[in-house]
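Undergrad: Sharing a structure with you now.
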Amino acid sequence: MYNLARWQAEVGILPLARAAGLGVIPYSPLGGGLLTGKHGVDKRPSSGWIVDNQLYADRYCQASDYETATRFAAYADEAGVAPATPAVAWVLAHPAVTAPIIGARNLAQLKTRSRRCFSR
């Protein structure tokens, strides 16, 4: 797991992988949807991946997570891009990262996330 909200992998895993010449394929670059722009202090979901899945709820549903999501969405808005774009780009920019797993649950999400993450 590696994203702007949870970047503990930078402490040990990513430096070790880089030193050993290994590529890393991290999951959850969008923080279970937290960094997509649809969540925030005033946008708490009633359902969805980070609410319905207890592991993700424990991981991403703290008050500080929603504050992070709000501030990050504002940053992306100022840059004129969808929040998913810089979220995935940030993960991909780490020299140890080979490719992030974007975690689409269906074809429609894959198409939407692909457009958001890789369009100019």
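Undergrad: Under 18 Å from P100 (Cα atoms) and in contact with a Ser or Thr (Cβ under 6 Å, 6 or more places away or on another chain), is that true of G31?
TA: Considered against the rule, which asks whether it is under 18 Å from P100 (Cα atoms) and in contact with a Ser or Thr (Cβ under 6 Å, 6 or more places away or on another chain), G31 comes out as no.
Undergrad: Could you please give the count of residues in segment 29-39 that are assigned to a loop (DSSP other than H, G, I, E, B) and farther than 14 Å from M1 by Cα?
TA: 3
Undergrad: Okay, next question. What pairs come up if the first residue lies in segment 71-99 and is over 18 Å from G32 (Cβ atoms), the second is among the polar types (S, T, N, Q) and part of a helix (DSSP H, G or I), and their beta carbons are under 9 Å apart, counting only those six or more places apart or on different chains?
TA: A79/T85
Undergrad: Looking only at segment 17-26, decide whether some residue is in contact (Cβ under 8 Å) with a residue 60 or more places away in the chain, crowded, with 18+ Cβ neighbours inside 10 Å and outside any loop (DSSP other than H, G, I, E, B).
TA: The answer is yes, given that some residue of segment 17-26 is in contact (Cβ under 8 Å) with a residue 60 or more places away in the chain, crowded, with 18+ Cβ neighbours inside 10 Å and outside any loop (DSSP other than H, G, I, E, B).
Undergrad: Assuming L55 fulfils every condition listed in (1) modelled with pLDDT under 85; (2) among the aliphatic types (A, V, I, L, M); (3) surrounded by 13 or more Cβ atoms within 10 Å (Cβ to Cβ) apart from one, which condition is it?
TA: (3)
Undergrad: Which condition from (1) modelled with pLDDT under 90; (2) under 12 Å from the mean Cα position of the chain (by Cα); (3) over 18 Å from H39 (Cβ atoms); (4) among the small types (G, A, S) is the one that G103 breaks?
TA: Just one mismatch for G103, condition (3).
Undergrad: Please determine, by comparing only the residues of segment 40-67 that are in a helix (DSSP H, G or I) and among the small types (G, A, S), which one is farthest from the chain's Cα centre (by Cα).
TA: Checked segment 40-67; the qualifying residue farthest from the chain's Cα centre (by Cα) is A63.
Undergrad: Out of segment 27-61, which residues are under 19 Å from V91 (Cβ atoms), out of contact with any helix residue (DSSP H, G or I) (no Cβ under 7 Å at 6 or more places or on another chain) and without any contact (Cβ under 8 Å) to a residue 40 or more places away in the chain?
TA: Once the filter is applied, which keeps residues that are under 19 Å from V91 (Cβ atoms), out of contact with any helix residue (DSSP H, G or I) (no Cβ under 7 Å at 6 or more places or on another chain) and without any contact (Cβ under 8 Å) to a residue 40 or more places away in the chain, segment 27-61 yields only K38.
The values are calculated or read from the model by the stated rules, or taken from the named source; none is laboratory data. These figures come from a predicted structure and were not determined experimentally. As a convention, Cβ positions derive from the backbone with ideal geometry for all residues, glycine included, and neighbour counts pool all protein chains shown.
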